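So the structure is just underneath, and the comments pick up after that.
Derivation of every value follows stated rules applied to the coordinates shown; laboratory data play no part. These numbers were taken from a predicted model, which means no experiment stands behind them. All Cβ positions, glycine included, derive from the backbone under ideal geometry; neighbour counts span all protein chains shown.
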Amino acid sequence: MTDIKKGLAGVVVDYTAISKVNPDTNSLLYRGYPVQELAASQPFEAVAYLLWHGELPTSEQLAELRASERENRMLQPAVRAAIDLLPTTAHPMDVVRTAVSVIGATDPHADDASPEAELAGSIRLFSALPAVIAYDQRRRRDDDPIEPVEPRDDLDYAANFLWMTFEEESEPLVVDAFNVSLILYAEHSFNASTFTARVITSTLSDLYSAVVGAIGALKGPLHGGANEAVMHVFDEIGDASNVVPWLDTALAEKRKVMGFGHRVYKRGDSRVPTMRAALVELVEHYDRPDVLDLYDALETEFVDRKGIYPNLDYPSGPAYHLMGFDTATFTPLFVAARVTGWTAHIREQRASNALIRPLSEYNGPDERHIDGYEDFV
Ligand code: ACO
């Protein structure tokens, strides 16, 4: 009997020097640094630099990356034209996926797989995505055609992202919470979307194709789509007092409760305490204790009954809601963060490539033949 590892569970397929997930110690390291320390001390741009280069930037290197990011922040006319062609009924993940395709198709160096060209492409995507996501959320809210909000050169990545989305300057506490979420979402070893990007890269396809594929993998509710799905759960439950009857029904119907469980972490997700702390700050800032009451009530009841712990999507969903993002925009925010990890992995895969092509065990019909097929040949 062949030993089939369904879902590749427990299979180690390659080395990576980018991040280390350790479920035994409940820790996550980016290039050796605990993610909690990075979230407490670094801007998202510095973490992007760390993932790409292996070291945190000096102040000059950070300034250089920030200058490149500012140069690439504008919503490009071709990208805007493509978004405008899409109906507002399209899911925002489909819009982001399309936008990345257009960004790739308009990059004259898209098929240049040199490390320098791929780093430039990585910075281009990292810089361009906030304008795409912000414009798409804004156009959905407005019946009339709208203009994108001009980026602000005096604002760094996270603050400018919020500015382009809401056309108002966010409080430092909100910018900090957003920055923390981006850092926590940036990288997580061989998750489904990153592995997808590595599979595509392994065929010697280009960086943009790999990111488009990764976006498709992230969209699913078992992966990144869960942060959006968590908010739907919160909306369904409505109030902490409804948690018990809601959960009775959900479990009786054998529903998966989104935002709980993880393939690797079985005793809790290392990123959750940091994101919950950011959520608590937002709850106090916006005076929405009801959100935390519901969060805690569902977590307590679900962990008590199933022994399955929350993952990062559980606190980040309500946190993005409090910041003012529409629920359908949550997973694109995950894309904006994870594009740093994906592109780091694409470059790592490229540097020591082997075509990823596993085997399968055939369990279809035994060999059989078409009656009289010889008459056709
Ligand atoms: N709600 C209810 N039951 C669950 C949940 C959940 N969220 N998660 C796992 N279980 C149950 C399964 O039903 C299964 O029960 P069974 O053995 O009685 O059939 C058991 O726990 C094992 O679950 P699997 O899905 O086989 O575990 P796996 O490791 O493959 O799944 C996964 C991990 C897909 C994340 C799962 O926990 C899940 O579906 N969670 C909800 C979606 C979610 O939140 N995804 C976000 C992942 S993290 C991220 O992308 C940042």
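Couple of notes before you dig in:
- Distance between the C-alpha centres of the stretch 1-50 and the stretch 177-232: 13 Å, rounded to the whole angstrom.
- Multiplying the residue separation of residue 296 and residue 353 by 0.36 nm and subtracting their alpha-carbon distance yields 16.0 nm.
- Sorted by Cβ neighbour density within 10 Å, fewest at the top, the residues 52, 246, 163: 246, 163, 52
- Computed from backbone phi with θ = phi - 60° and the Karplus coefficients 6.51, -1.76 and 1.60, the 3J(HN,Hα) list for the stretch 348-355 is 5, 4, 4, 5, 9, 7, 9, 3 Hz; x is used for glycine and proline.
- Using R0 = 35 Å, the C-beta based FRET efficiency linking residue 222 and residue 374 works out to 0.15.
- Amide proton proximity set for residue 27, modelled H, under 5 Å, gap of 5+: 22
- Here the simple spin-label model places points 7 Å from the Cα toward Cβ, and for residue 37 and residue 288 these points are separated by 3.3 nm.
- Summed side-chain charge close to residue 265 - residues other than residue 265 whose Cβ falls under 14 Å, Lys, Arg +1, Asp, Glu -1: +2
- The loop-placed GluC sites (Glu not before Pro) in the stretch 74-173, going by DSSP, that have at most 11 neighbouring Cβ atoms within 10 Å of their Cβ come out as 167, 168.
- Close amide H pairs (under 5 Å, H built 1.01 Å from N) link residue 220 with 225, residues at least 5 positions away or on another chain.
- Cβ-derived FRET efficiency at R0 45 Å, residue 114 paired with residue 306, nearest 0.05: 0.40
- Highest mean first, the peptides 69-80, 324-335 sorted by other C-beta atoms within 10 Å per residue fall in the order 324-335, 69-80.
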